[in-house]
Structure formats: C-alpha cells, structure tokens
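Worksheet: one structure, shown below.
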Amino acid sequence: MKAWLLMGLFFAALSASLLSNADTRDGDDEEPDTRTIHVNSIATLQLAIDRARAGDTIILENGKYTTSEFIQVVRRNGTQQKPIIIRAQSILGVEIHGTHGFSLRSSNHVTIKGFKFKHERGHNIIQNGLFNRYTRNYFDGYGVGDDVTVRGSNSEVSYNKFTWTSSGLAREGGEMVHILETAGLKAATDVKVF
C-alpha cells in the first residue's frame, strides 16, 4: 500500500512540474526557449518587457490603455532568428491613449506590431538599436511631433497607417517618420520605410 502511495505522489509531483513549465508556451511547434506571455495592463506589459529575452512574444490583451510615460524597451535583445515581438492580441485591437507610446533604446531585433496609437504625437522612438521594427500599426495622434522617430540603423517602419483626422484633434506639425542621427555620431543608415 505504501509503495502505491509513494508511486502516486511521485507521478503527481512530476505532472505538476511539467504543467508549471507549460504556461508560457503557446503551441507545440515552439522551441523550448521561446515564450508567449499574455498581459492585460500597461504595468504588466512593462514588467514582461523588462524580463524579455530572445524569442519571446509579449501579447497585450485587446482594449484601451492610457499611458503617462514611455513604455520602455531598454537593452532588450532578440536575434534575427528569435526577435522579441511585442504585439496587440489582434491587429489594431489595442488602443494606446495618453501621452506616450514605446521607446526602444539600445535594443536590437525588437518588433512592435498591431497597435493603434492615439496618444500625443512625438512619443514613439527607436534609439541606438539595430534591426527594430514598427509594423502593422495605426498612428492617429494629436499635437506637435513626429509619429515615429528613428535613431537606429537597419530599422524598419512598414505596413503602418498614418492619419490625424479621425481623432478630431489638430495635427500641429511634425513628420510621420523622422530619421535622425544616431546619438550625434552618424546618421541612421539602412532605414526602411514602406
């Protein structure tokens, strides 16, 4: 009887261990070191970004969110084969209101995908990083400033929509995509905008 009890406890512990490792994986075709992390607030999004590693996909639940500061992506590095992807649950299913969007600083191979940016303009930045992307987003901000400022080489701003009419607030200047020098050292190179 004791042998059966011990064997049952062993298999229960083994099952619990396997299940606890499965909650960040999303499908059988993922590599063991990739994670899909679902979040439902700006605070949990920031926490997931702060802990992100190559191959992670961070998904913000559809809804409307308000920011009062940048969503910081600092020194987070994916690779060409395993980028870090920060995306809306569904394309344009997440609206970012308030004052700021994303700031990618000293990060490489990071993709921002599927967001509707309705916050104050001038607050989406790629700075001092390589191979970062803003793709399939919708920019409908208000006020003065650029929709996306790029200070990082080999970056891409692709398949986005830029407008300023549906918010009902005036666009007061700035560019859709503004490419600047990288930290005053040299111009950002090989930036693709399409």
State, to one decimal in nm, how far the label point of PHE194 lies from the label point of THR99, with both points 7 Å from Cα in the Cβ direction.
3.8
What is the extension gain from THR66 to ASN154, computed as 0.36 nm multiplied by their sequence separation minus the C-alpha to C-alpha distance, in nm to one decimal?
28.7 nm
Within region 110-146: backbone nitrogen closer than 18 Å to the VAL74 label point (7 Å, Cα to C-beta)
110, 123-130
If R₀ is 41 angstrom, what is the calculated FRET efficiency for the pair ARG51 and THR163, using the beta carbon separation as r and rounding to 0.05?
0.75
Prolate/oblate/rounded call for region 69-137, Cα gyration tensor, a/c under 1.5 rounded:
oblate
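Just so you know, all these numbers are worked out from the coordinates, no wet-lab data involved. None of these values were measured; they are calculated from a predicted model. Neighbour counts run over all protein chains shown; Cβ positions are idealised from the backbone, glycine included.
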